[in-house]
1. Which of CYS58, LEU25, LEU14 sits closest to the plus end of the dipole of the chain, meaning its Cα is farthest towards the positive end, when Lys and Arg get +1 and Asp and Glu get -1 on the C-beta?
2. What do you get when you divide the Cα radius of gyration of the chain by 2.2 N^0.38 Å, with N the number of residues?
3. Counting only C-alpha contacts under 8 Å and six or more residues apart, can you give the relative contact order of the chain as a whole percent?
4. Please give the net charge around GLU33, taking every other residue with its beta carbon less than 13 angstrom from that of GLU33, where Lys and Arg add +1 and Asp and Glu add -1.
5. Share of the chain's accessible area from carbon and sulfur, percent, 1.4 Å?
6. What does the charge dipole of region 9-68 about its Cα centre add up to, to the nearest 20 debye, if the Cβ of each Lys and Arg holds +1 and the Cβ of each Asp and Glu holds -1?
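The values are calculated or read from the model by the stated rules, or taken from the named source; none is laboratory data. Not measured: the values here are computed from a predicted model. Please note: Cβ atoms are built from the backbone with ideal geometry, for glycine as well, and neighbour counts cover all protein chains shown. All accessible areas refer to the heavy atoms of the entire protein, side chains included, with ligands and DNA or RNA removed. Shrake-Rupley method; radii C 1.70, N 1.55, O 1.52, S 1.80 Å.
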Amino acid sequence: MGHRRCFSFAQKRLILLRSGYCCELCGVKLTIENFHCDHKIPYSRGGATAVYNGQALCATCNRKKSDSV
Ligand SMILES: [Zn+2]
């Protein structure tokens, strides 16, 4: 079974729904068009591309997070 780095559209929809359509870091409102699906445990550190390991972020938080890694 291969591992995918990118979340599928169905996974993204579930993660966004679970977040209540808000960024999980700053709470800004998100839509399916503009949200970023992030790995809680980074893929590069063995995190799964799965709904339980995903979080909904806005573009700003996603960029901050990738800058700090
Ligand atoms: Zn945010």
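1. LEU14
2. 1.04
3. Numbers: 87 pairs, mean separation 24.1, N = 69.
Over the chain, the number comes to 35 percent.
4. Charge balance in the 13 Å sphere: +3.
5. C and S fraction of accessible area: 57 percent.
6. Dipole magnitude for region 9-68 comes out near 60 debye.
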